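Structure, as structure tokens:
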Amino acid sequence: MKAFIAVLIAALCFEGLNAQCPEPSALQDGEGNKLCARMFEHSSYYYDMSCYGNFLDVYPDEDVPIIPRAWDNRVSSLVVARSCSLTVWSRSKKQGSKKKFSAGIVYHLKEVKQGLFGNWNDSISGYYCTC
Ligand SMILES: *[C@@H]1O[C@H](CO)[C@@H](O)[C@H](O)[C@H]1NC(C)=O
């Protein structure tokens, strides 16, 4: 039983380490270049397990009216770097709803309202990021 619990705890810690949202003040790509934002494929009800799955790095002043196809309506959590802001659109070519995120961690885009009944989970189709 003890061994089982130890394994369980180890597994949870591993998950946590694997999927912790990066701090807005320390957001950089694999080579140490400053990022404007990072968008993640998944989120989780557990805050320290959000920001997992594939991610898309966004550099300062990137203007992408049409998100790559593989990412269309796929983003579920995101982090915006300190002193940067990320504007997103629900349809490509800057159409549909628009939302501006300032620096910080958005663990659950599902909790960010879009219009009266919608939310921003799996809804981003274009973006612009500036610092
Ligand atoms: C976001 O949307 C996708 C696709 O509809 C769904 O699989 C996923 O569970 C949603 N995420 C949350 C946190 O509800």
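Every number here is computed from the coordinates shown, using simple stated rules; none is lab data. Everything numeric here is computed off the predicted structure, so don't read it as measured data. Neighbour counts are summed over all protein chains in view; Cβ atoms, including those assigned to glycine, are modelled from backbone coordinates with ideal geometry.
Every residue in segment 115-131 that is buried (at least 18 other Cβ atoms within 10 Å of the Cβ) and more than 21 Å from ASP48 (Cα to Cα), please. Talk me through it step by step, then tell me what you get.
At the first step, the residues of segment 115-131 found to be buried (at least 18 other Cβ atoms within 10 Å of the Cβ) are 120-121, 123-129.
If the condition is that a residue be buried (at least 18 other Cβ atoms within 10 Å of the Cβ) and more than 21 Å from ASP48 (Cα to Cα), then SER123, ILE124, SER125, GLY126, TYR127, TYR128, CYS129 are the ones that fit.
Can you name the residue in segment 34-60 that is small (Gly, Ala, Ser) and assigned to a strand (DSSP E or B) and, of all such residues, is nearest to the ligand (Cβ to nearest atom)? Walk me through it before giving the result.
Of the residues in segment 34-60, the ones small (Gly, Ala, Ser) are 37, 43-44, 50, 53.
Within this subset, residues satisfying the condition of being assigned to a strand (DSSP E or B) are 37, 53.
On the way: ALA37: 19, GLY53: 11 Å.
Step by step, filter segment 34-60, then rank; the result is GLY53.
Number of residues in segment 76-111 that are over 11 Å from the mean Cα position of the chain (by Cα), on the phi < 0 side of the Ramachandran plot and in a loop (DSSP other than H, G, I, E, B) equals 1. For segment 98-114: of the residues being within 12 Å of the ligand (Cβ to nearest atom) and among the hydrophobic types (A, V, I, L, M, F, W, C), which is surrounded by the fewest Cβ atoms within 10 Å (Cβ to Cβ)? Going through the qualifying residues, I end up with VAL112. Flag: ASN73 does not match the condition of being outside any strand (DSSP E or B), in contact with a His (Cβ under 8 Å, 6 or more places away or on another chain) and either under 17 Å from GLU62 (Cβ atoms) or within 16 Å of the ligand (Cβ to nearest atom) (or both).
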